[in-house]
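Please read the structure below before turning to the comments.
What follows is calculated from the coordinates using simple rules that are stated; it is not laboratory data. Given the structure is predicted, the values throughout are model-derived calculations rather than measurements. Glycine gets a Cβ as well: all are built from the backbone with ideal geometry, and neighbour counts include every protein chain shown.
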Amino acid sequence: MIWNREIECMPREKMRVLQGEKLKRIVAHAYNNSLFYRRKFDEYGIRPEDISSIDDIVKLPFTVKHDLRDNYPFGMMAVPMSDIIRIHASSGTTGKPIVVGYTEKDLENWSEAVARCLTSFGLDSSDLIQIAYGYGLFTGGLGLHYGVQRIGATVIPAGTGNTVKQLQMMSDFSTSALACTPSYAMYMAEKMNKYDIPVDSLSLRIGIFGAEPWTENMRREIQDKLHIKAYDIYGLTEISGPGVGGECECQNGIHISEDLFYPEIVDPVTLESVGPGQRGELVFTTLDKWGMPMIRYRTRDLTTLNYETCECGRTTVRMGKILGRSDDMLIVRGVNVFPSQVESILLEFPEYEPYFLIEVDRINNTDTFQIQVEVKPEFYTDKINQLVRIKERLTSRIQNVIGIQPEIKIVQPNTIERSTGKSKRAIDHRKFE
Ligand code: ADP
Ligand code: ZN
């Protein structure tokens, strides 16, 4: 099923014309109603009349997270506060929180985008969807909530935490889909195991997982453990929230609702556009968001874009899985390391649990690179030799793939913190002056 066939299967040329029309409108709105954008555009010597098609987007200046912080809380709104009917704030994974505001139309468009994702995951009005993302200022809970209502499915507004109760609900209510972070899904699977809840006693078919990077290996792990199809949903507070894009049944890229959120990929250093298929920083322009439009917002998320028509029939651009944020990237002994790379490698080994914590420090002018890992209870033995062998194999695999040698520290089962929301996978103790 396709929620909005006209848009999602629109010929690309027609889509670009539509995007051009919408860009003109939103740029004029931003210029005329937001002091922030007026100043920025004036400084840059650009006026709304300079935009006549979507190709002209490259003439516009970028917006960055700093701009939102500098204008905290409401300085970037482009409508009177009386027209703002909801605010959200970023969970503050990196630094001070930022606040965003939505008009009624903005919330409608956001729900529309989420509805498209849910439909592309194979969900419809007959489904019961348990939302175990955080409710509140975080966009995850309420974002999904309104999307589920839009497709007429049943919302189970569980929120995060209280995992045993969540599993009980899942069983009692015959929940068919679970929406949460991939970390929390893993944790739920672990609890099910602990409490001897057979997976097949549940009616769960579909996972709606996002809000943090996760790899193909993690997908396999979750799908195997929970006997579901696990779909990726992507979004960020600045651009609305979850549902900016989602996968289809092909699980081969995240379709972006590009009539609402126009994506570009730029080189994070030169800020020049890169060619299709090349990796770089994802940049979004909200084409239909009026309360707080975002023009060429630099997400810091690193990925690729693919414009080929998908086997599912949708023509909307597909984004690759997010490698990580440029802010998550650690530079250790001169080598770039993303926690998602460690995740992927760890899951190649049947002996290890998918939990880890990277700690980086600088001792005697040398970077240390320690990874705490847990082995599955059946592999956790007193036989030092066995553990050493398991450790050596992981060490050399990481050295081969990432290019630096880690110090692997096997910790007691169940000691690495489990997350019910976004997980923290790296701590950098180095002090950079
Ligand atoms: P915060 O910046 O405080 O974490 P947000 O909830 O707005 O607040 O987080 C959005 C970010 O979460 C994205 O920019 C991206 O880095 C990450 N994210 C969201 N969904 C996904 C996903 N499906 N895959 C990878 N990363 C994701
Ligand atoms: Zn598709």
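Farthest toward the positive end of the dipole of the chain, out of 204, 123, 4, is the Cα of 204, where the dipole comes from beta carbon charges about the Cα centre.
Each residue of the range 251-256 is assigned a 3J(HN,Hα), and the resulting list reads 6, 9, x, 9, 5, 9 Hz, derived from the Karplus form 6.51 cos²θ - 1.76 cosθ + 1.60 (θ = phi - 60°), x at Gly and Pro.
Per residue, the chain reaches -9500 deg cm²/dmol at 222 nm when only DSSP H runs of four or more residues are counted, each adding -39500 (n - 2.57).
Among the GluC sites (Glu not before Pro) in the range 281-317, those located in a DSSP loop and surrounded by at most 12 other Cβ atoms within 10 Å of their own Cβ are 308, 311.
Residues whose amide H comes within less than 5 Å of that of residue 230, counting only those at least five positions distant or on another chain, are 207 (H built at 1.01 Å from N in the peptide plane).
Here the chain is scanned for trypsin sites (Lys or Arg not before Pro) in DSSP loops (not H, G, I, E, B) that have at most 10 other Cβ atoms within 10 Å, and the longest stretch holding none of them is 1-382. Just to confirm my numbers, what's the Cα centroid distance between the range 72-151 and the range 287-326 in Å? If we compute the Cα centre of each part, the gap is 17 Å. Put simply, the amide H of residue 368, placed in the peptide plane, has neighbours under 5 Å in 361, 362, 363, leaving out anything fewer than 5 places away on its chain. The label point for residue 335 and the one for residue 405, both projected 7 Å from the Cα toward the Cβ, are 1.1 nm apart. Modelled spin-label separation between residue 385 and residue 39, with each label point placed 7 Å from Cα along the Cα-to-Cβ direction: 7.0 nm. Put simply, the amide H of residue 352, placed in the peptide plane, has neighbours under 5 Å in 376, leaving out anything fewer than 5 places away on its chain. What the phi angles of the range 359-375 give under the Karplus curve with 6.51, -1.76 and 1.60, with θ = phi - 60°, is a coupling list of 10, 10, 9, 10, 10, 6, 6, 10, 6, 9, 9, 9, 10, 7, 9, 10, 9 Hz, glycine and proline written as x. So what is the relative contact order for the range 293-433, in percent, with contacts set as C-alpha pairs under 8 Å and at least six apart? Reported as a whole number, the value is 21 percent.
Specify the residue with the greatest mean-square fluctuation among 115, 230, 89, computed from a Gaussian network of the chain linking alpha-carbon atoms under 10 Å apart. Highest fluctuation of the listed residues: 89.
Taking θ as phi - 60° and the Karplus parameters 6.51, -1.76 and 1.60, the scalar couplings of the range 125-141 work out to 5, 7, 8, 10, 10, 8, 9, 10, 8, x, 8, x, 5, 4, 6, x, x Hz in sequence order, x denoting glycine and proline.
Here is the list for the range 328-433: chymotrypsin sites (Phe, Trp or Tyr not before Pro) lying in DSSP coil, each with at most 12 other C-beta atoms within 10 angstrom of its C-beta, are 432.
Spatially, the range 337-404 and the range 219-280 are offset by 28 Å when compared through their Cα centroids.
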